[in-house]
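Beneath this line is the structure, given in structure tokens, with notes to follow.
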């Protein structure tokens, strides 16, 4: 049985699959896809969640992501990808101060 694993390091999203039948020391890991999301400033990816409709990544940025306007210092961002790795959208919010997107969650109703 394959299990989906996600790693967010800074703002590089890496989606891999691994074979759970392999022993703990010798996992068979295949890279499914990798995407970069970032501005010309500092960006940090803090969390990612998966549901039936896609993959959501949240974090903070000092810059402007995907034609969104920066509101000041650190802004929150939320991006959605399909399971195949296509970016569907990126949203960015903030105040003139420091704002942080630390984690993401999806409710049982998909919201």
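The values are calculated or read from the model by the stated rules, or taken from the named source; none is laboratory data. These numbers were taken from a predicted model, which means no experiment stands behind them. For neighbour counting, all protein chains shown are included, and Cβ atoms are generated from backbone atoms with ideal geometry for every residue, glycine included.
Looking only at region 65-77, which residues are more than 13 Å from residue 104 (Cα to Cα) and crowded, with 17+ Cβ neighbours inside 10 Å? 65, 68, 74, 75, listed by residue number.
Scanning region 76-84 for residues that are within 14 Å of the chain's Cα centre (by Cα), closer than 16 Å to residue 36 by Cα, part of a loop (DSSP other than H, G, I, E, B) and at pLDDT 90 or above turns up at least one hit. Count of region 66-75 residues, restricted to those that are in contact with a strand residue (DSSP E or B) (Cβ under 6 Å, 6 or more places away or on another chain) and either in a loop (DSSP other than H, G, I, E, B) or in contact (Cβ under 8 Å) with a residue 60 or more places away in the chain (or both), is 3.
The condition of being at pLDDT 90 or above, within 27 Å of residue 108 (Cα to Cα) and out of contact with any helix residue (DSSP H, G or I) (no Cβ under 8 Å at 6 or more places or on another chain) does not hold for residue 50. Under the condition of being within 10 Å of the chain's Cα centre (by Cα) and in a strand (DSSP E or B), which residue from region 30-43 is surrounded by the fewest Cβ atoms within 10 Å (Cβ to Cβ)? Per the criteria, the residue is 36.
Scanning region 52-63 for residues that are within 16 Å of the chain's Cα centre (by Cα) and surrounded by 15 or more Cβ atoms within 10 Å (Cβ to Cβ) turns up 54, 55, 56, 57, 58, 59, 60, 61. Residues in region 78-97 that are over 14 Å from residue 57 (Cβ atoms) and buried (at least 17 other Cβ atoms within 10 Å of the Cβ): 1 in all.
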